[in-house]
1. Going by alpha carbons, how many degrees (0 to 90, nearest 10) lie between the helix axis of 124-134 and the longest principal axis of the chain?
2. What is the Cα radius of gyration of the stretch 45-87 over 2.2 N^0.38 Å, N being its residue count?
3. Using a/c under 1.5 as the rounded threshold, could you call the stretch 88-231 rounded, prolate or oblate? The axes a ≥ b ≥ c are square roots of the C-alpha gyration tensor eigenvalues, and prolate needs a/b larger than b/c, oblate otherwise.
4. So for the pair F17, W276, with labels modelled 7 Å out along Cα→Cβ, what separation do we get in nm?
5. How big is the stretch 153-236 along each principal axis, measuring the range of its Cα positions in Å and listing the largest first?
6. Given q = 0.16, 0.18 Å⁻¹, what are the Debye log10 I(q)/I(0) values for the stretch 47-144, with equal point scatterers placed on the Cα positions and solvent ignored?
7. What does the accessible area per residue of the stretch 91-224 come to in Å², with a 1.4 Å probe and no ligands, DNA or RNA counted?
8. Measure off, as a whole percent, the carbon and sulfur share of the 1.4 Å-probe accessible area of the chain, all protein chains present.
Amino acid sequence: MKKYKIGIIGYGGFGKFLHYWWDKLENVEIIAISDSRYRGINTEKYRIYTDWRSLIMADDIDIVSIVTPPSFHAEMAMEAMKAGKYVLLEKPVAITDEDALLISKIQEETGMVIAVDHMLRYDPIIRVLSDLSQREIFGPLRHAEVSNYAQDNSLSPEHWFWDEAMSGGIMIEHGVHFFDLINAMTTQKVVEVQGISHHRNKHQKDQVSSLVKYDGGLIASHYHAFSGPGFFEKTTIRLIYDLARIEIDGWVPMAGRVNALVNNAIREELKVLPGWKIDSLHHVDHLEDVSRPEGWGGEEEAIKKQISVYGINYDVNEVLTGSFEIEQTKSEVYGKCLQDMLSDLIAKIENPDHEITANLENAIESLRIATLASK
C-alpha cells in the first residue's frame, strides 16, 4: 500500500483539525506545513516552511492541502498542480468565477487530481438524502430552505473574514457550502439567482440572503447571519417534496425529522437513514384532511383517497413521522467526513475512472451561484 506524503499550507485551527484526523489514516503521512506564524519553530514530526512555494516544490510531497484565506486559493492550487502535486483545496475554490475557470484549465493541462473541501457531501445524512432526493423517492424537490445563525464572537472587526478582498464575503466564504449541498439534492440546473444583504457598518456585511431558481421549478432560499452569541448558533435545512417534509439540524448535519406520505417501498427506503426511528404511522383512511376549517363551504363529497400533488397522482397510503440521528459526536462526524474526502481524492489518483464526490466541477458551479448571490 502506497503511503501518500501530505503538506498542509495554512496551519490555523482548521489546518490542525485536518492534521489530527488525517494522522489516523494508515495510507497518509503529514510531513510538512507552511505557515508564516511558525517562523523559527522546529519539530521532529514534520518540516516547517514559512514560504508556501518552498513546500510545493519539495520532491517528497504527493498531496498539497490548501487551508488559507480564500483569496490565496487559486494561485496556490495552480502553482501546486504545475509543480506536479495533487491538491485538496479548501472551499471556496476561488473568490471569482474567472479564477475558478483558470484552476480548471491548469488541471486539464497538468492532469493532476484536485478535490475541493465541500465536506457536507460526505456527511452520512446528506449522502442518504442526496440519493433518495435525486431518485425522487418523495417526488421532485420543490423548495429548500437554509437558515444559518452563526456566532461572530471569534470574528473581530479586523478579522480577514470581513474583508471581501480576502474572503469573498459571506456568500462565497460560507454560503458556498450550502449552495453545494442543495445542488447535491437535485439534478436540476440553476437558472436565476437573486441576493440581498445588510451591513452592520461600512466594513462588516453581517446578514445575507438569496433566492435560487432551478430549471425544474425548485426554488431554494438561503439566509446567513454572523451576528449573535455562540449560545444561539443554529443551522436548519428544510427540504420540501411532493410527499415529504424533511428538516435537518446542524451545519454538520447530525439529526433531523421526516413527515411523509409513504407506501411500503418508500418506508423501506427510509431505513437507511442513520438511527432511523418511526414515531407514528397512520393509514390515510383514518386521517382527516384539515386543510379547510370546520364549516367551510364547498362540494359535499367524500375525502378523496387519491393523493395528488402538482397534478401528479401518487400511490401512497400511509402518513409517517420519524426521526434520524447520528450517534457519534460532531467532531467525530466532521473528522470522518474529512478522512473520506481525502480517501476519495486518493481513489481518483489510483483509478482515473473513479468519480470524486466533491469534485472541481461541482465546486465551480457552487461558486457561480455564490458570486451571483453576492451581487
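1. Compared with the principal axis, the helix lies near 60 degrees.
2. Normalised Rg, Cα atoms only: 1.09.
3. oblate
4. In this crude spin-label approximation the distance works out to 2.9 nm.
5. 42, 28, 18
6. Once normalised to I(0) and log-transformed, intensities are -0.74, -0.85.
7. 41 Å²
8. Answer for the chain: carbon and sulfur cover 50 percent of the accessible area.
The values are calculated or read from the model by the stated rules, or taken from the named source; none is laboratory data. Small disclaimer: the values here were computed from a predicted structure and weren't measured. Neighbour counts are summed over all protein chains in view; Cβ atoms, including those assigned to glycine, are modelled from backbone coordinates with ideal geometry. Quick note on the areas: whole protein, heavy atoms, side chains included, nothing else; ligands and nucleic acids left out. Shrake-Rupley method; radii C 1.70, N 1.55, O 1.52, S 1.80 Å.
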